[in-house]
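Following: one structure in structure tokens, then a few remarks.
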Amino acid sequence: MPASASPETVVPVVGEYLVRTHDGSCAAVRVAGTPFSVSEIFDWVERQGLTPAQVVAAHPELSRAAVHAALAYGWSRPDEIPAAPAPHTQTR
């Protein structure tokens, strides 16, 4: 690294969009300010075949960046995504 270059720093983008919630005994990672969990969004895109744009069109309270943050979280932590979606997680 040249003497004038500064070291890299991590930019915590995902944290701008996602929050961990605790509902009684259950913890979930959700899109901040919405009822949507990372698991739901991951299911819509990865299992049901919707595009991020289709998810946003069906749920305008989600931004495309928030959907991509949820996907990035799910891809980086697959052990936190349930194998089978809950029955109520169908998109409109």
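Qualifying GluC sites (Glu not before Pro) in segment 41-81, where qualification requires a DSSP coil assignment and no more than 16 other C-beta atoms within 10 Å, comprise GLU61.
The HN-Hα couplings worked out from phi for segment 31-47 by the Karplus form 6.51 cos²θ - 1.76 cosθ + 1.60 (θ = phi - 60°) are 6, 3, x, 9, x, 8, 8, 4, 4, 5, 5, 4, 4, 4, 7, 7, 9 Hz, whole numbers, x standing for Gly and Pro. Amide H contacts of PHE36: VAL31, each under 5 Å away and 5 or more positions distant or on a separate chain (H built 1.01 Å from N in the peptide plane; Pro and chain starts excluded). Here r is the Cβ-Cβ distance between ASP79 and GLN48 and R0 is 25 Å; the resulting FRET efficiency, rounded to 0.05, is 0.75.
Only the coordinates and a few stated rules stand behind these numbers; no lab work does. Everything quoted here is computed from the prediction, not taken from an experiment. Backbone-built Cβ (ideal geometry, glycine too); neighbour counts: all protein chains shown.
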